[in-house]
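To start, the structure under review is shown below, and the notes come after it.
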Amino acid sequence: MARGRFISKEITLDKKVNSLSSPWSMLGFTWLLTHADVNGRTYGDPAVVRSIIFPRRPEVTIDEVEGY
C-alpha cells in the first residue's frame, strides 16, 4: 500500500488553486491533500486541520484556517 500521495506539478497552474484567498490557503490546500483518505476525505474541523498542516506555524490561526 502506498504511503503517500503524489501531487502533480500542474497544481501550480490550476485556476481554482490560484484563485484561493492567500498563499497560506494555497499551501494549506496542497498540504491537506496528503492527509486525505482513499476516498479523498479529510478533517473538516479548522482546529484539527490547523494542527495537522501548520503545526509549526503559530502565525496561522484557527480563524484563518476556517476562512480558507
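Quick notes on this structure:
- Heavy atoms of the protein chains alone define the surface here; on that basis the chain has 80 Å² accessible area per residue at 1.4 Å probe size.
- In percent, rounded to a whole number, the relative contact order of the chain is 27, using alpha-carbon pairs under 8 Å and six or more apart.
- Element breakdown for the chain at a 1.4 angstrom probe: carbon and sulfur atoms account for 58% of the accessible area.
- Structure-derived Rg and Dmax of the Cα atoms in Å: which label, when the choices are [x] 12.3, 35; [y] 13.8, 45; [z] 10.7, 33: [x]
- Spin-label proximity, Asn18 to segment 39-68 - amide N less than 18 Å from point 7 Å beyond Cα toward beta carbon: none
The values are calculated or read from the model by the stated rules, or taken from the named source; none is laboratory data. Note that this is a predicted model, so its numbers are computed, not measured. Every residue, glycine among them, receives a Cβ derived from its backbone with ideal geometry; neighbour counts consider all protein chains shown. Surface accessibility is based on the protein's heavy atoms, side chains included, excluding ligands, DNA and RNA. Shrake-Rupley method; radii C 1.70, N 1.55, O 1.52, S 1.80 Å.
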